[in-house]
Amino acid sequence: MSESLLKSEVSYTLLASGTMLKIDHIVGMASEPSLAGRLHRLEHAGGVEYVTLSEMDTQRHRLRVLTDRGTECAITLPRTQHLSDGAVLYLDPARAVVVRMAEQRWLVLEPADVAAAVELGYFAGNMHWKVEFDRGRLRIALQGPVENYLERLAHFTSGGRVKRVQEADGA
């Protein structure tokens, strides 16, 4: 076990007060061999709690959240650390708190032709939307109500240059 891991466990133990955990740094990633075994044992003992975060929340450094078991966590991370799927926020011999990403919702659009595809891509880029390309379709990661996106895309969809595609996952 690394010296930094031992230090973070002591720090977390000292910072835990009452029912709220005050988390000031990330212990490590659940996939790291030094943590995976301990998390596996804790999982079997019922000692792992999960915090489900949206993509937008992972960009924040200060937030208050509840774990799946109701433990309140006050997270204040340094600017050099970033929340992500599998980040271990708390670890002691009896309990761990791990980040899980909420399932990403997507708006899937299919341009009618190459010109519409180029213009749609240019527009999405100017909006700084996170996108993926999939078999001629543009997938936009939703970070708010889908109606907000559709309103901004109305000049594409109303003229039939772009159509919304419903995927099996309900996007």
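The values are calculated or read from the model by the stated rules, or taken from the named source; none is laboratory data. What you are looking at is a predicted structure, and each value in this text was computed from that prediction instead of being measured. No Cβ is skipped: glycine too gets one built from the backbone with ideal geometry, and neighbour counts run over all protein chains shown. Each accessible area value is taken on the protein alone, full model and side chains, heavy atoms only, with ligands, DNA and RNA left out. Shrake-Rupley method; radii C 1.70, N 1.55, O 1.52, S 1.80 Å.
Structural remarks
- The range 116-133 - phi-based ³J(HN,Hα) in whole Hz, Karplus 6.51/-1.76/1.60, Gly and Pro as x: 5, 5, 5, 5, 5, x, 4, 4, 4, x, 5, 7, 6, 7, 6, 10, 9, 10
- Given the choices [x] 1.12; [y] 1.18; [z] 1.08, Rg/Rh (Cα atoms, Kirkwood Rh) derived from the coordinates of this structure is entry [x].
- Ligands, DNA and RNA are left out, and with a 1.4 angstrom probe the accessible area of the chain is 58 Å² per residue.
- Spacing of the two label points (7 Å from each Cα toward its C-beta) at HIS61 and ARG41, in nm: 3.5 nm
- 3J(HN,Hα) couplings calculated from phi for the range 53-69 with the Karplus curve 6.51 cos²θ - 1.76 cosθ + 1.60 (θ = phi - 60°) are, in sequence order, 10, 7, 4, 5, 5, 5, 7, 8, 10, 9, 7, 10, 9, 10, 6, 5, 10 Hz; Gly and Pro show x.
- Under 5 Å from the amide H of ILE23 lie the amide H atoms of ALA74, ILE75, THR76, each residue being 5 or more positions distant or on a separate chain, with H modelled from the backbone and absent for Pro and chain starts.
- Only DSSP H runs of four or more residues enter the estimate; each adds -39500 (n - 2.57), and after division by the residues of the chain the mean residue ellipticity at 222 nm equals -8500 deg cm²/dmol.
- In terms of accessible area, using a 1.4 Å probe and ignoring ligands and nucleic acids, VAL146, VAL114, VAL99 rank largest first as VAL114, VAL146, VAL99.
- Seen against the Cα atoms of the chain and their longest principal axis, helix 3-15 is set at about 90 degrees.
- For the range 69-135: Kirkwood Rh in Å [reciprocal of mean 1/r, alpha carbons]: 16.0 Å
- Here's how it looks for LYS130: its modeled amide H is under 5 Å from those of ALA141, which are all 5 or more places away or on a different chain.
- Against the criterion of solvent-accessible heavy-atom surface with a 1.4 angstrom probe, THR67, THR52 sort, most first, into THR52, THR67.
- Amide H contacts under 5 Å for VAL98, placed H, 5+ residues apart: GLU49, TYR50, VAL51, LEU89
- Area of SER31 that stays accessible when all protein chains are in place (1.4 Å probe, Å², to 10): 100 Å²
- At full extension, ARG105 and GLU32 could sit 23.5 nm farther apart than now, given 0.36 nm per residue minus the alpha carbon distance.
- A simple rule links phi to the HN-Hα coupling: the Karplus curve 6.51 cos²θ - 1.76 cosθ + 1.60 with θ = phi - 60°, which for the range 27-35 gives 5, x, 10, 4, 7, 5, x, 5, 10 Hz, with x for Gly and Pro.
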